Structures are given as structure tokens and as C-alpha cells.
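Accompanying notes for the structure given below.
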Amino acid sequence: MKTVNFVRMTLPAKSVNVAYARVAAAALASQVDPTIEQMADIKTAVSEAVTNAIVHAYRGQEGGLVYITMRLMEDGSFIVSVRDRGCGIGDVRQAREPCFTTAPSEERSGMGFSIMEAFMDKLQVRSAPGRGTTVTMTKRLGR
């Protein structure tokens, strides 16, 4: 499948950059005339993925980076990968369970992966302790 357009960006792992990632995703996705619901789904899923990288990957560390690649495909699919080089996830299956959180004292709901999965057509999570995490999501766009 051929890539029609793409964006790559590297953002400091700071919560103020979640909005920037959302806007960039919306701008790229808008090129294939998605529905309002599809646009909202993408923005929500990207927010969750970037927030997870910021909150969980670099807990207690300064200077972390979040790497985002977004692609529009020839078939109208939008693919986004959010990667960090943080602490990684020891048990991805457990982390994907609804309400599981590694930060209960921070009042985290543990719903990030569940939300990503609900709003996108496909979710893939690859991670290794000490090496970081990559979340790749796909959404088929168009009317």
C-alpha cells in the first residue's frame, strides 16, 4: 500500500505538547475528508497515546522525547505511530486490560489503551522494559 502523505515529528515529553500532536493529526487526516466523528476519534486516540508516553514512559525523568509518525495511505487509511524510549512495559497484555494502571496514586484510570482500541480500527503495542514502547494505530477514513 502506497503512502500518499506523511508527517514525522519529535516532541519533548511535556503535557503541553499533547494538543500540538492532536492538531497535527487532524491537519493531516483532513486531507482525505474524514467525517467529524472520524476526526474526533483520531484526535482522542492520538491524545491518549501521547499522554501515555509522557506520563508513564518518562516518570520522574527530564528530557524525554516522543516520536510521532503519521501516514495517509492510498486506500484512505490513517496510520499513526507514537514511540518513546522510556521505561517500557513489562507485560503488554496486562497493561491493555481495562482499568489496569501503574500509577493508582496519581488517579489514573487505566483506560488509555482501551480508549485507543475503541476509537481506532487497529491497535498494536510493542514494548520492552528499558527500551521504550511503540503504539501503532490505524483508522480507515472517508465517507
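The values are calculated or read from the model by the stated rules, or taken from the named source; none is laboratory data. Note that the structure is a prediction, hence the values are computed from the model and not measured. With ideal geometry, Cβ positions are generated from the backbone for all residues, glycine too; neighbour counts draw on all protein chains shown. These area figures cover heavy atoms from the full protein model, side chains too; ligands, DNA and RNA do not enter into them. Shrake-Rupley method; radii C 1.70, N 1.55, O 1.52, S 1.80 Å.
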Run through the range 1-92 and list the trypsin sites (Lys or Arg not before Pro) located in a DSSP loop whose Cβ has at most 14 other Cβ atoms within 10 Å.
Lys2, Lys14, Arg59
When the solvent-accessible surface of protein heavy atoms is calculated with a 1.4 angstrom probe, in what order do Thr3, Thr10, Thr134 fall, highest first?
Thr10, Thr3, Thr134
Kindly point out which whole DSSP H helices in the chain project their C-alpha atoms 15 angstrom or further along the helix axis while averaging a Kyte-Doolittle hydropathy of 0.5 or above.
17-29
Taking a straight Cα-to-Cα line shorter than 25 Å from Lys2, and setting aside same-chain lysines fewer than 8 residues away, one finds Lys43, Lys122, Lys139
Per-residue HN-Hα couplings for the range 55-60, Karplus 6.51 cos²θ - 1.76 cosθ + 1.60 at θ = phi - 60°, whole Hz, x for Gly and Pro?
6, 9, 5, 10, 3, x
Which residues qualify? For Val66, with a placed amide H closer than 5 Å and at least 5 residues away or on another chain, they are Leu11, Ala13
Leaving ligands, DNA and RNA out of it, rank Glu117, Glu37 by accessible area with a 1.4 Å probe, largest first.
Glu37, Glu117
